[in-house]
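A.B. asks: I'd like to ask some things about the structure below.
The values are calculated or read from the model by the stated rules, or taken from the named source; none is laboratory data. Keep in mind that what you see is a predicted model, and the values were worked out from it rather than measured. Positions of Cβ are generated from backbone atoms using ideal geometry, with glycine treated the same way; all protein chains shown enter the neighbour counts. SASA here: full protein model, heavy atoms, side chains in, ligands and nucleic acids out. Shrake-Rupley method; radii C 1.70, N 1.55, O 1.52, S 1.80 Å.
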Amino acid sequence: ATNWYENPVVPQNYTNSGTTSDFALHFDRDLTDRDRFGLIVRHEQSEFKVPNEQVQEGAGQRQDRNNKETMAILSYQHIFSTNVLGHVHAMIRQDSDGFWSNPLSTPIIASQQRGFRDEYLKATVAVHHGIQEWKAGVEADFTPLHEAFSDTITDFTQFDDGMPGSFTFS
């Protein structure tokens with residue numbers, strides 16, 4: 001590993017810094033001879049500066065990006081009898097990504113926030129009867145997405161005539 005991007009934008013490699021971190025926890029427990037509980041929690045994130053070109057560095061530009069993800073998984077298993085097993089599994093995950101520029105950025109000041117929240121639930125039952133195996137279950141998955149973006153042109157000489165000075169959407 002080095003302190004340099006493998007393919008820097010310019011040889012001076014301006015604004016080359018970033019951090020990453022993560023955390024994970026995994027817990028399983030037999031509550032009784034028939035009941036088992038599990039939990040997994042994880043968080044990861046990265047934050048870094050976007051490399052500048054020489055013109056951008058000279059103007060005082062600073063652009064930052066980040067990514068964060070947090071997840072939790074719960075599971076519960078119950079043995080109803082020697083022939084019947086039930087299981088419930090739930091997961092929730094939050095993911096977000098961001099990008100933003102300072103007011104000295106050129107040729108554009110930009111900002112973006114996007115992400116999603118993923119929620120998942122599954123419940124199953126398995127029954128053994130004679131030579132037959134019966135399995136039934138239900139699952140649901142919900143994943144609303146969101147995104148917002150905006151930009152403002154700071155150097156019109158870099159764009160075609162008539163280009164709008166700003167743009168925003170959500």
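A.B. asks: Starting from the Cα of VAL88, step 7 Å toward the Cβ, then list every residue of segment 29-44 with an amide N under 19 Å from that point.
C.D. replies: 29-41
A.B. asks: A further question follows. In deg cm²/dmol, rounded to 500, what helix-only [θ] at 222 nm does the chain give when every DSSP H run of at least 4 residues adds -39500 (n - 2.57) and the total is split over its residues? Don't skip to the end; give the middle numbers.
C.D. replies: Values: 1 runs with 6 residues, N = 170.
Calculated at 222 nm, the ellipticity per residue is -1000 deg cm²/dmol.
A.B. asks: In addition: So what is the relative contact order for the chain, in percent, with contacts set as C-alpha pairs under 8 Å and at least six apart? Spell out each step's value before the answer.
C.D. replies: Details: 397 pairs, mean separation 26.2, N = 170.
Dividing the mean separation by the residue count of the chain yields 15 percent.
A.B. asks: Please give the per residue volume of the convex hull enclosing the alpha carbon atoms of the chain, rounded to a whole number of Å³.
C.D. replies: Working: hull volume 31.8 nm³, N = 170.
Dividing the Cα hull volume of the chain by its residues yields 187 Å³.
A.B. asks: Okay, next question. In whole angstrom, how far apart do the alpha carbon centroids of segment 110-170 and segment 12-41 sit?
C.D. replies: 22 Å
A.B. asks: Which of the listed residues, SER75, GLN158, LEU85, is farthest toward the dipole's positive end in the chain, when Lys, Arg count +1 and Asp, Glu count -1 at the beta-carbon?
C.D. replies: Ranked along the dipole, the leading option is LEU85.
A.B. asks: On a straight-distance basis, which aspartates and glutamates could pair with LYS122 in a cross-link, Cα separation under 14 angstrom, same-chain partners fewer than 8 positions away excluded?
C.D. replies: Hits, sequence-local ones excluded: GLU139, ASP141.
A.B. asks: Just to be sure I understand the model, the point goes 7 Å from the Cα along the line to the Cβ. What's the resulting GLN54 to LEU104 distance in nm?
C.D. replies: 1.8 nm
A.B. asks: Just grab the label-to-label distance for ILE79 and ARG42, each label 7 Å out from Cα along the Cβ direction, in nm (one decimal).
C.D. replies: In this crude spin-label approximation the distance works out to 2.9 nm.
A.B. asks: Quick one: order TYR14, TYR76 from most to least accessible surface, probe 1.4 Å. Intermediate values should be presented prior to the final figure.
C.D. replies: Values: TYR14 60, TYR76 90 Å².
Sorted descending by solvent-accessible area, the residues read TYR76, TYR14.
A.B. asks: Using a Förster distance of 25 Å, how high is the FRET efficiency between GLU139 and ASP35, based on the Cβ-Cβ distance and rounded to 0.05?
C.D. replies: Values: r = 21 Å, r/R0 = 0.86.
The formula returns an efficiency of 0.70 here.
A.B. asks: Kindly write out, for segment 108-124 in residue order, the coupling ³J(HN,Hα) from the Karplus curve 6.51 cos²θ - 1.76 cosθ + 1.60 (θ = phi - 60°), rounded to whole Hz, with x marking Gly and Pro.
C.D. replies: 9, 9, 10, 8, 9, 10, 8, x, 7, 10, 9, 10, 9, 9, 9, 10, 9
A.B. asks: Contour minus end-to-end for PHE156 and PHE27, with contour as 0.36 nm per residue of separation and end-to-end as the Cα-Cα distance?
C.D. replies: Numbers: separation 129, 0.36 × 129 = 46.44 nm, distance 5.62 nm.
The span from PHE156 to PHE27 would gain 40.8 nm if fully extended.
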